[in-house]
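Below is one structure, written out as structure tokens; the observations come after it.
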Amino acid sequence: MLQGLEMARKNKALQKHTGFGTRSLTPELRQAEALMGRGKWLEARYILDALSHDYPDNRDVLTHLVNACYEVQDIPGYVRACEMLLAVQPNNADIAYSLAGGYLITQHPLLALQAFHHALNKFPNHERAAGASEKVTELEAIKTQLINDIGLDDEESLEIAILHERGQVYLKQCEYTKARQAEEAVVQARPNFVSAYNNLSLISFIEGNLDKAVETCEKVLEIQPDNIHALANLTRFLCLNGQFDEAKVVAERLKASHTEAWDSWTKKIEALSYLGDDESILQIYSEVKSHDNTQTGNGLLYHLVAVAMARQGRINEARDLWKQAQNYLVGAHLAQENLDDLKKPVAQRHAPWAFNFGQWVTQKTIDELKLLTGGNSKSKDDEQKSKVIQQYFVEHPNFAKLIPALLDRGDIRGRELAYSLALLTKTPDMLAALRDFALSQRGPDDMRYHAATKLSEAGVISSPIRMWLQGKWQDIKLLSYQFHNDPIFEHSKEVHAMLSTAYWFMKTPSPESLEQAETILKAALEITTSPTLLNNLALCYEHQGRKEEGLALLNQITEQFPDYILAKVSIARRHILKGEFDQALAILEPLLQHQRFHYEEFAAFSNAYIEVLVAKKQRDGARAWLKMWESIDSEHPDIMRWKAKLQGGFMPRLQQKNHW
């Protein structure tokens, strides 16, 4: 590693930059130096990388960036920083040798050979010269073979091969314009050079030109039908274009190909991850482990295999691989996101996911959808949004085909967008995608349960169904109700006023206030016979200790008004208080067939029903019912009380919180 910090101290004055930076150099640089001093190299590298674009000639920025990239093992970034610093300080011998070493580590041997020659010619007495001479001897001995291995063999091949490696370096450094220029120059000189075409296909994809990326892959396969990189890229591009059936055909060729290629294992696994082909991924990983001479130290590979394992229920093995992936720059961020999601209770998890939303959908598509829906959910009603999105699906059918994949294996953002779009449009294809999702093990319980209830309303599925809830398969009754806040029984203004007064007296049930409430309710009943009046009179009797009179009145209500739910719930609660749970359930279960509930009725019923289920040790059923109740009336105060009770107290909650 360069002694960059010491070099920076020798040159305290900040250098002028040649560009028009948008960041203030001095405070940003000081912040980066402070972070490095505390060992926070990753955060420092982020700041320095941004500064290097605004101040490309600043020696302090570039020197610190070299060291920060080294510390976080960002070797492509390290090479870029060395290139930039050497351009500013051509007589910096340390950087000249470091750049050559960087090219070697990133597997660009011809650029490394060229850089070693340059360093030895200019700085022959440097302390690293002897080691560099040995590397030159080794590389010169295999130079011809290196050129032949990539399909070049004439006198101009060295220059073309170096230009190709230069394009690869630019691609890794995200310098896409330069990368395209380099690789287009290569294919102009060598029209059948497949490695350059593979890079051009990736550049087209990154630039958002998916059709061009697919076309370039197909050109490679015309030249070399078993090319692993082209097959992997084409599989991936077809998936992102919604052409999953075509992608599966190409994937079969990919799995069958044993052509030698750089990092072929990862390329295969990456492509198959877009298809969700977990079994094939795990089979390839078994092959990887069986090759003792194969370097498997790849963060992205570990992450993708971990996802396949987790999707197969092998959570502990997946967690171990995600932890290994954190030791590498590529794949570490995705691994950490999945590990963080696993810390949630099992019912709330989105993990696992292989790719973030931006690796599935272009920013252009996201912007178009925001524009179409007005961005703000209040700007257009759901019916209007549905029509707009349906038309978008007609105009972009390949995007619509991504929805099932995002529901199955998207990250949080991707799954939530796919879910909202599918729920909004309700086309046959979208309802089918929601059905597959609801009956799967992917995503949080709440999201799948909500999908199931909407599908039930649409007549797509019927109860009972088998769903994955709380980390296990459960048979549940899927019920779809209508809810309202209309008065349960219409009263005249006079009776309504009397009922309100009676309510007020019953809020503080002293003997005097209860007697007054009873008098008012009886007077109201002389005007009209109402189940609401009778039910409140029965409650008044209950508070006065006149239980038998109250029960008799409740039975009268159920006979006279058989659809009045609150009276039946009150009778069921009497059985619950006596421990007569079967009798209570016999009253409550028929109410499940009601199609329309007042919110107050449903809350009363749900409280009683959950209490019976808990008493009968059917806690899973109680949780499922509570989940549905919460989705309907999340603000009801009794929901939080039941949530706390069903979690089983402090210790089980603590264990659940820490279970990952």
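The values are calculated or read from the model by the stated rules, or taken from the named source; none is laboratory data. These figures come from a predicted structure and were not determined experimentally. Cβ placement follows ideal geometry from the backbone for every residue including glycine, while neighbour counts extend to all protein chains displayed. Heads up: the accessible areas ignore ligands, DNA and RNA and are worked out on the full protein's heavy atoms, side chains in. Shrake-Rupley method; radii C 1.70, N 1.55, O 1.52, S 1.80 Å.
Protection proxy ranking, highest mean first, for peptides 600-613, 130-143: 600-613, 130-143, where packing is the per-residue count of other beta-carbon atoms within 10 Å, averaged.
Couplings 3J(HN,Hα) of the stretch 214-228, computed from phi: 5, 4, 5, 4, 5, 5, 4, 6, 5, 7, 9, x, 9, 5, 5 Hz, in residue order, whole Hz [Karplus 6.51 cos²θ - 1.76 cosθ + 1.60, θ = phi - 60°; x for Gly and Pro]. Bridgeable lysines around K135 (alpha carbons under 26 Å apart, same-chain partners fewer than 8 residues away excluded): K122, K143, K172. With each label modelled as a point 7 angstrom along the Cα→C-beta vector, the Q474-A458 pair spans 2.4 nm.
Net charge in the neighbourhood of A81 (other residues with Cβ under 14 Å of its Cβ; Lys, Arg +1, Asp, Glu -1) is -4. Summing charges over neighbours of D277, with a neighbour being any other residue whose Cβ is under 9 Å away from its Cβ, gives 0 when K and R count +1 and D and E count -1. Extension gain, E600 to Q73: 0.36 nm times the residue separation minus the Cα-Cα distance gives 183.6 nm. Maximal additional length on extending the K178-K578 stretch stands at 135.9 nm, based on 0.36 nm per residue less the C-alpha distance.
By the Stokes-Einstein formula, at 0.692 mPa s and 37 °C, the stretch 198-329 with its Kirkwood radius over alpha-carbon pairs has D equal to 217 µm²/s. Here the Karplus curve 6.51 cos²θ - 1.76 cosθ + 1.60, taken at θ = phi - 60°, turns the phi angles of the stretch 200-207 into couplings of 5, 5, 5, 5, 4, 4, 4, 6 Hz, with x standing for Gly and Pro.
For the listed peptides 246-253, 537-544, a ranking on the average number of other beta carbons within 10 Å per residue, highest first, reads 537-544, 246-253.
Peptides 425-432, 115-122 ranked from most to least packed give 115-122, 425-432, packing being the mean of other C-beta atoms within 10 angstrom over each peptide's residues.
When only Cα pairs below 8 angstrom with a gap of at least 6 residues are kept, the stretch 435-524 shows a relative contact order of 18 percent.
For the stretch 565-577, 3J(HN,Hα) computed residue by residue from phi via the Karplus equation (6.51, -1.76, 1.60; θ = phi - 60°) reads 6, 4, 5, 5, 5, 5, 5, 4, 5, 4, 5, 4, 5 Hz, glycine and proline entered as x. Using Stokes-Einstein with the Kirkwood hydrodynamic radius over Cα pairs, what translational diffusion coefficient do you get for the stretch 44-154 at 4 °C and a viscosity of 1.567 mPa s, in µm²/s rounded to a whole number? Estimated diffusion coefficient is 88 µm²/s. Computed extension gain for K522 through R641, at 0.36 nm per residue and net of the alpha carbon distance, reaches 39.3 nm.
Amide H to amide H distances under 5 Å link F597 with Q482, F483, H484, where only residues 5 or more positions off or on other chains count and H is placed in the peptide plane.
Annotation: lysines with alpha-carbon distance below 20 angstrom to K578 (same-chain offsets under eight excluded): K547, K568, K616, K617. Expressed in Å, the radius of gyration and Dmax of the Cα atoms of the stretch 158-261 are 13.4, 41.
Where a ≥ b ≥ c are the square roots of the eigenvalues of the C-alpha gyration tensor, would you call the chain rounded, which needs a/c under 1.5, or, failing that, prolate if a/b is larger than b/c, or oblate? Don't skip to the answer; put the middle values down first.
Working: a/c = 3.01, a/b = 2.43, b/c = 1.24.
Prolate.
Lys and Arg at +1, Asp and Glu at -1: add these up for the other residues within a Cβ distance under 14 Å of F505 and post the number. That works out to -1. Close amide H partners of E580, meaning residues 5 or more places away or on another chain with modelled amide H under 5 Å apart, do not exist here. Taking the inverse of the mean 1/r over every pair of distinct Cα atoms in the stretch 320-414 gives a Kirkwood hydrodynamic radius of 15.4 Å.
Extending 7 Å from the Cα toward the beta-carbon at both Q107 and V394 defines two label points whose distance is 4.8 nm. From its DSSP helices (H runs of at least four residues, each -39,500 (n - 2.57)), the chain gives a residue-normalised ellipticity at 222 nm of -22000 deg cm²/dmol.
Calculated accessible area for the stretch 437-579 comes out at 52 Å² per residue, all protein chains present (probe 1.4 Å; ligands, DNA, RNA ignored). Taking every alpha-carbon pair under 8 Å whose residues sit at least 6 apart, the chain reaches a relative contact order of 6 percent.
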